[in-house]
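> The structure that follows is given in the form of structure tokens.
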Amino acid sequence: MSGSATEAFQFTPEYMEQAKAILAKYPQGRERSGVLPLLDLAQRQLGWVSTGVVEEVARITKTPRMKVLEVATFYTMYKHSPKGRHHVEVCTNIACWLRGSDEVLRAIKDELGIDVGGQTGDDLFSLAEAECLGACCNAPMLQIGDEYFEDLTYETTRDLVRKLKRGEPVKVGSQIGRSGSEPEGGPTTLAEFCTTSKVGGAE
Amino acid sequence: MSIGTRLLTMLNGEFVGEDAHGNKYYQERTKRLSNPLYRRKRWVMYKGKAEGSKVPAEWHAWLHYTNDTPLNARSKAWEQPHKPNLTGTLGAYVPKGDDRAGGTRAASTGDYQAWRP
Amino acid sequence: MPKLTIDGIEVEVPAGTTVLQAAEILGIEIPRFCYHERLSIAGNCRMCLVEVKPGPPKPAASCAMPVAEGMDVRTDSEMARKARKGVMEFLLINHPLDCPICDQGGECDLQDEAMTFGNDHSRYGEMKRSVTEKEMGPLVKTAMTRCIHCTRCVRFTTEVAGVPEMGMLGRGEHAEITTYLEQALDSELSGNVVDLCPVGALTSRPYAFTARPWELRKTESIDVLDALGTNVRIDVRSGQVLRILPRLNEAVNEEWLADKSRHAMDGLRQQRLDTPYVRKDGQLVPASWEEAFAAIRAKVAGLDGSRIAAIAGDQADCEAMTALKDLMGVLGSTNLDCRQDGAKLDPTVRAGYLFNSTVEGIESADALLLVGSDPRWEAPVLNARIRKRYLAGGFKAGRIGPAGRDLTYPVEELGVDPSVLIEIAEGRHPFAEVLKAAKTPMIILGMGALTRTDGAAILAAARKVADTTGMVTEGWNGFSVLHTAAARVGGLDLGFVPGSGGLDTRGIQAGCASGAVEVLYLLGADEIDTNALGKAFVIYQGSHGDAGAHRADVILPGLAYTEKEATYVNTEGRPQRTKVAGFGPGEAKEDWKIIRALSGALDKTLPLDSVHQVRARMAEINPVLGTMNAVTPAAWEAFGTEGPVDTAAFTTAIANYYMTCPISRASPTMAECTRVFINGNQERTGTDG
């Protein structure tokens, strides 16, 4: 979670192992295919994509560094400045917004005292708005790291953030206990079929 | 100044005034009150050679019926004394880069810097 | 061959042609911003939309759509026009309307197309986006707010220039074109992105706010700052060369121009010789032509021919060399040389000093051996041609010479000294097999290999490589000499070389130092060691006050290449003619006329009274110079002197790309380039050519 933009970057042996495994998937001379996963790997190690990361990935994948930088700036998944340990991305796109993403944002602001684009003083949290993350059935939702937290309300959001603050385990996925994107409160159509064939339903 | 103008001035000219250059301005003595639209003829007797540009602005206005009386010369601080057209005389304008005006000018396209040992 | 109809006209084109190219064949112009013939297809500006039937009921981007049998294309239908209007409106959302203060104004693609497809007013009330300017070095000025993201510059630097340092960061509304970390664009072809940019986002920095295109008088001419003979257009206002642009010539430069050739022209205004000088009491004082000629006459009269010598410089034109050769002839001197760097080129066999494969021929070569040559600096546009060949695939290149220099295509490092060349010639080196296996192998022999004392032996070894690996076959000659001087091939064609018993450049210099040569005539020769000329009486004729002028006893002011109509033969042996774009400074005169006048003053009047007589004499000396713009293939004969070679490593012929001749040394822009690219970069050292 640290380091200046120009600092040289190197994969730790464990991460290098993974990087090699990724590159092994592609034929010789096509190392360039590994740019995206390697950037992601580096971001997992460093916390963000620095110029050092770009140059190291360019070196490993034998790709012009400008091309790597183009890729890294194209995707919002890559962060170009150090972020908090929990980088909270709240979807504020139309489906989530209609279902109350404003409340979710308010809950986080109230709990952490930071605004969108801000970061807490202890570097534990940073807050960002995200465009549609594809979980519209379970709106409103937010993303922290690799995990989705869905079907949020003001209270559940505050509770979630509070738990993260304290380092307690949190419930991933829908906060109201539904599985995937099945309808709230169980199936509404083909109910008979679902109960007999056990398609869908609870895990 | 033709003979006719001299004659007219002598017979029917009423002296109105003289400008800084010595040009004399006249108008007709006759007033035709019967015709309210009639304007008395106005003319100038040049000092020296007849040359239109010798007439200063204040008299120009009177001469062309813009004003009833000549304007006040130098009524504004920014007014310059009148100069007739100096083309063809030594006082004619020459651009700064001309030899007659010192020959120094700003750099322009086509200039080059010559090598000097 | 699919047959299709475009605007009701039927046309049959090869499969794989795009609709836009097919329309071009018919002479129908489809507006475009991102499409460029010599770059890959991006298809991101959407200006080339046309209506295509059969197909989905929407316009299609003609630049990226391959033709198909039975296609019915409409380029001027209501749908196509409406679609383009829409595209133009979108492009203008964020494009500033600052044409009056934009350097591209008057030659802007967007401006032109907006005349046809633009609306009379904008429907957007929002603010336009603004983008910070990007630093791209001393040659390219940026105003990225104007950028329409056609990515031509990105594709050019990646594909043609081979320097993948430009790219588009971010996406959507936040996309910005920039160089990596905003470093200067380190390419010898960077000026071309200015030509490619369809709007005013990338403009020429030295030319910034200088002139409007309609104020310029355009002259089609030839560049002489390298030996490629790039075809250029010289733009002049009030006699001053304001910019130089490339001109299309598929056989030579396609449509590219190297940075030195493009931007060194501000050196044409600096350090000019504008009056004759005569040295009196150790001081050069301005003189009249008569005084200068009298001073020469006083020295030359009665002097034996063997005590007179002449050296022609790198930018001497054929007319002047013809006149000087004849003058030396009537003075009884055989001491003349046009190889001021001492290159051991054999003037007797034309095939021995030409780029026989021709520049266009590079594209049909399939293996390349570079010997003591750095084409990236010696002829950047030619290097781009080699890169083009490499990108086409199935091409192998090897290099004997200084290793590590990035040529923008991979080269196998074979070694640094001539012994490797001998090994290849004798078939003992693995690369010899590569050359033998190739159908059309070629060798590029640079001046770094020939200016050595063992140059003649290296030349012979290179010929042996050509012979043993089958480089010279029916219709193909892969033996290519890459010259660094525009005047060199012309000089060799004219036989501006030592006659029987005559001295060459090294001999002349030694003769001057020892006193054996009393009068030395330098025709624009500045790259020799002018401090070691002893007590010789030096006549310098040239356009710039450079090394030669400082040493001279008499200076005769000549004209630079933009000011005279003169013949130059490029490295392929292609005679081309420059045109008068502007007049020379002060008393300066056309070079052959000076020599003709001098011959009169010396009572040895040459029968060269008009340029036609000079040109007739040129063609008489070598008939090849009678046909302009054509390459005359040279017969393959024995040349070079076999002998032992030195094992010293090859060096490069050029120490600083940006300063190689009196014009580029006098140029402030080239000085700035040297500061940024040469002195700022540890890999390349040296400050002077």
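The values are calculated or read from the model by the stated rules, or taken from the named source; none is laboratory data. Note that the coordinates shown come from a computational prediction; the quantities given were computed from them, not determined experimentally. All Cβ positions, even for glycine, are placed from backbone atoms using ideal geometry, and neighbour counts span all protein chains on display. Calculation scope for accessible area: heavy atoms of the full protein, side chains included, ligands and nucleic acids excluded. Shrake-Rupley method; radii C 1.70, N 1.55, O 1.52, S 1.80 Å.
> If I model a spin label as a point 7 Å beyond the Cα along the Cα-Cβ vector, how far apart are those points for B:T5 and A:I176 in nm?
10.5 nm
> Considering only DSSP states other than H, G, I, E and B, which chymotrypsin sites (Phe, Trp or Tyr not before Pro) in the stretch A:43-110 qualify as loop sites with at most 16 other Cβ atoms within 10 Å?
Numbers: sites: A:W48, A:F74, A:Y75, A:Y78, A:W97; in loops: A:W48, A:Y75, A:Y78.
Here the sparse-neighbourhood loop sites are A:Y75.
> If you don't mind, another one. Tell me the relative contact order for chain C as a rounded percent, counting alpha carbon contacts under 8 Å between residues six or more apart.
Details: 1545 pairs, mean separation 101.6, N = 689.
Over chain C, the number comes to 15 percent.
> Go through A:H80, A:G145, A:T51 and say which Cα lies farthest out towards the positive end of the charge dipole of the stretch A:1-145; charges sit on Cβ, +1 for Lys and Arg, -1 for Asp and Glu.
A:T51
> Between exposed chymotrypsin sites (Phe, Trp or Tyr not before Pro) in chain B, where DSSP calls loop and at most 10 other Cβ atoms lie within 10 Å, what's the longest gap? Don't skip to the answer; put the middle values down first.
Values: sites that count: B:Y65, B:W78, B:Y93.
Answer - B:1-64.
> Take the Cα gyration tensor of the stretch B:1-110, multiply each eigenvalue by 5, square-root it, and list the three semi-axes largest first, rounded to whole angstrom.
On the way: eigenvalues 303, 57, 26 Å².
Working from the Cα gyration tensor, I get semi-axes of 39, 17, 11 Å.
> A follow-up question, please. Select from the stretch C:419-468 those trypsin sites (Lys or Arg not before Pro) which occupy a DSSP coil region and have at most 12 other Cβ atoms within 10 Å, ordered by residue number. Could the numbers behind the result be given before it?
Details: sites: C:R428, C:K436, C:K439, C:R452, C:R463, C:K464; in loops: C:R428, C:K439, C:R452.
Those that pass, being in a loop and sparsely packed, are C:R428, C:K439.
> Sort C:357-369, C:467-479 by the packing proxy (mean of other Cβ within 10 Å over each peptide's residues), most packed first.
Numbers: C:357-369: 21.9, C:467-479: 17.7.
Result, highest mean first: C:357-369, C:467-479.
> On to the next question. Is there a quick way to get the dipole size of the protein assembly as shown? I mean about its Cα centre, with the Cβ of Lys and Arg at +1 and of Asp and Glu at -1; what is the value in debye to the nearest 20? Numbers along the way, then the final one.
On the way: 114 positive and 130 negative charges, 752 e Å.
Dipole size: approximately 3620 debye.
> In whole percent, what relative contact order does the stretch A:13-74 give with Cα contacts below 8 Å and a gap of six or more residues? Present the calculation step by step, with values, prior to reporting the outcome.
Values: 48 pairs, mean separation 19.0, N = 62.
Contact order relative to length: 31 percent.
> If you count the DSSP beta bridges with both ends in chain C, what percent of them are antiparallel, to the nearest 5? List each step's numbers first, then the result.
On the way: 43 of 79 bridges.
So the antiparallel bridges in chain C amount to around 55 percent.
> Am I reading the C/B interface right? What is its buried accessible area, both sides, 1.4 Å probe, to the nearest 100 Å²? Don't jump to the answer; show the numbers that get you there.
Details: alone 26390 and 9410 Å², together 34610 Å².
Chains C and B together bury approximately 1200 Å².
> Work out, in µm²/s and without decimals, the Stokes-Einstein translational diffusion coefficient of chain C at 25 °C, 0.890 mPa s, Rh from Kirkwood over C-alpha pairs. Please list the in-between numbers first.
Numbers: Rh = 27.1 Å.
Estimated via Stokes-Einstein, D reaches 91 µm²/s.
> Which whole-number value in Å³ per residue fits the convex hull of the alpha carbons of the stretch A:86-174?
Numbers: hull volume 6.9 nm³, N = 89.
Once divided by residue count, the hull of the stretch A:86-174 is 77 Å³.
> Turning to a different aspect of this structure: In debye, nearest 20, what is the charge dipole magnitude of chain B about its Cα centre with +1 on Lys and Arg Cβ and -1 on Asp and Glu Cβ, if you could check? Provide the component values of the computation, followed by the final result.
Working: 19 positive and 11 negative charges, 69 e Å.
Here the size comes out at about 340 debye.
> Give a residue-ordered list of calculated ³J(HN,Hα) values for the stretch C:579-593 (Karplus: 6.51 cos²θ - 1.76 cosθ + 1.60, θ = phi - 60°; whole Hz; x for Gly, Pro).
Taking θ as phi minus 60°, the curve returns 10, 6, 9, x, 8, x, x, x, 8, 4, 10, 4, 4, 5, 5 Hz for the stretch C:579-593.
> Nearest 10 degrees is fine. How inclined is helix C:289-300 to the longest principal axis of chain C, computing both from alpha carbons?
Result, in degrees: 50.
> Just need the relative contact order of chain A here, percent rounded to a whole number, with Cα pairs under 8 Å and 6+ apart. It would help to have the intermediate numbers written out before the result.
Numbers: 292 pairs, mean separation 30.3, N = 203.
Relative contact order comes out at 15 percent.
> How many Cβ atoms of partner chains, on average, are near each residue of A:64-73 if near means within 10 Å of its Cβ? Mind dumping the intermediate values first?
On the way: counts 7, 5, 14, 5, 2, 6, 10, 2, 1, 9.
Mean number of neighbouring Cβ atoms from other chains: 6.
> Something else about it: When every alpha-carbon pair in chain A is counted, what percent end up more than 33 Å apart? Walk me through the numbers on the way to the answer.
On the way: 6032 of 20503 pairs.
Percentage above 33 Å: 29.
> What's the average, rounded to a whole number, of partner chain beta-carbon atoms within 10 Å of each residue's beta-carbon in C:176-183? Display every interim value, and only then the final one.
Details: counts 1, 0, 4, 1, 11, 8, 0, 0.
Average neighbour count from other chains, rounded to a whole number: 3.
> Right, here's the next one. Given q = 0.24, 0.27, 0.28 Å⁻¹, what are the Debye log10 I(q)/I(0) values for the stretch A:13-74, with equal point scatterers placed on the Cα positions and solvent ignored?
Rounded to two decimals, the profile gives -0.97, -1.21, -1.28.
> Still on this structure: Say each of B:D98 and A:R44 gets a label point 7 Å from the Cα, pointing the same way as Cα to Cβ; how far apart are those two points in nm?
Taking the simple label geometry, B:D98 and A:R44 are separated by 8.4 nm.
> May I pose another question? Could you estimate the translational diffusion coefficient of the stretch B:3-63 from the Stokes-Einstein equation, with Rh from the Kirkwood formula over C-alpha pairs, at 37 °C and 0.692 mPa s, in whole µm²/s?
Details: Rh = 12.4 Å.
So the translational diffusion coefficient is about 265 µm²/s.
> Of B:G4, C:G427, A:S181, which is farthest along the charge dipole of the protein assembly as shown in the positive direction, counting Lys and Arg as +1 and Asp and Glu as -1 at C-beta?
Farthest towards the positive pole: B:G4.
> Using Cα centres only, tell me the gap between the stretch C:539-613 and the stretch C:54-113 in whole Å.
Each part reduced to its Cα centre gives a spacing of 50 Å.
> Let me ask you something else. Just report the Cα centroid separation between the stretch C:438-464 and the stretch C:212-227, whole Å.
Distance between centres, Cα-based: 34 Å.
> How long are the semi-axes of the equivalent ellipsoid of the protein assembly as shown, defined as square roots of 5 times the Cα gyration tensor eigenvalues? Whole Å, largest first. If you can, show how the numbers build up before the last one.
Working: eigenvalues 778, 588, 151 Å².
Computed over the protein assembly as shown, the values are 62, 54, 27 Å.
> Where nothing but the Cβ of Lys and Arg (+1) and of Asp and Glu (-1) is charged, how large is the charge dipole of the stretch C:33-137 around its Cα centre, in debye to the nearest 20? Could you put the intermediate results ahead of the total?
Numbers: 13 positive and 17 negative charges, 101 e Å.
Here the size comes out at about 480 debye.
> With r defined as the distance between the Cβ atoms of B:Y38 and B:N72 and R0 fixed at 30 Å, what FRET efficiency is calculated, to the nearest 0.05? Don't skip to the end; give the middle numbers.
Details: r = 27 Å, r/R0 = 0.91.
For R0 = 30 Å, the calculated efficiency reads 0.65.
> Residues of the stretch C:82-109 with the amide nitrogen closer than 11 Å to a label point 7 Å from the Cα of C:Y124, along Cα-to-Cβ, please.
C:88-97
> Would you be so kind as to identify which of C:N356, C:A208, C:A466 lies farthest towards the positive end of the dipole of chain C, taking Lys and Arg as +1 and Asp and Glu as -1 on Cβ and the Cα centre as origin?
C:A208
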